[in-house]
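One structure is given below, encoded as structure tokens.
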Amino acid sequence: MSQRVTALSIIDAIVQDLRRRIYEGDIAQGTALTEAEIAGAYDVARPTAKAAIERLVADALLERGAHKTARVKTLGADSVRDIYLARAYLESEVVRRLAATATVPPEAVRANAEITARISQPATTIIDPDMDFHTALVDAMDNIRTSTMYRSLLGEVRLCMTRVQSLELLDSAKIASEHASILERIASGDAEGAALALDEHLAQARELLAAEIEQASDLNS
């Protein structure tokens, strides 16, 4: 029995593929993506290509001014710091509240176990479980609006994490160890200790990536 492929499923497939290519660096930062190019590349109508672009703009993976072509977002050092600080504001409060009731999210434990299992593999293989770990902390609050706010950052967060791991700026074993420390402090009810461990964990990645971007900018100037 044949099934009709809907326009929505086509858009989802295009968005998923473009998102993957952006994360993997196949489509470089600053690259222009036009409706005509996407329509031609995926053999779809212009309205479908436009919808895919709009989705990626909403995900903060593309940026577009008024009446301008969408481009893959370029992350400068200031943007990286801003993204990580936004995460820290939200996640720090989350771990404080989880620690207040000693609530350790099982999904976060499983995600960190997956990171540990991949320590000997390429650094980029821990990106998915790392994202799962932090998202599990936020989702454990069981607050729809908090989770929605956090997910509005995930496109940019993933760009940062992909860059960090592609450059091998952080050791996978160290990431797993720091995650474990956060969970241990939540379990012990140490709210401020959990928040401090989380802040230090994010700050390390933030400053390493920002410094790398600044150094590359200096070399190219």
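Structure values in brief
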| read-out | value |
| --- | --- |
| Cut-off 16 Å (backbone N to label point 7 Å along Cα→Cβ of Asp218), residues of segment 70-84 | 77-78 |
| Degrees between helix 106-117 axis and first principal axis of the chain (Cα, 0 to 90, nearest 10) | 80 |
| D (Stokes-Einstein, µm²/s), Kirkwood Cα radius, the chain, 1.002 mPa s at 20 °C | 114 |
| Segment 41-138 pair-distance distribution - Cα-Cα, 10 Å bins, rounded % | 13, 27, 31, 22, 7, 0 |
| For segment 107-221, convex hull of alpha carbons as volume per residue, Å³ | 105 |
| Mean Cβ count within 10 Å, highest first, over the residues of peptides 38-48, 155-165 | 155-165, 38-48 |
| Descending semi-axes in Å of segment 68-121, equivalent ellipsoid built from Cα gyration tensor | 30, 20, 10 |
| Ordering of 61-67, 125-131 by packing [mean C-beta count within 10 Å, highest first] | 125-131, 61-67 |
| Listed residues Gly40, Thr103, Gly65: farthest to the positive end of the dipole of the chain (Cβ charges) | Gly40 |
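No value in this document is a laboratory result; all are computed from the given coordinates. Quick caveat: nothing in here was measured; it's all calculated off a predicted structure. Here the Cβ is made from the backbone with ideal geometry for all residues, glycine too, and neighbour counts use every protein chain on show.
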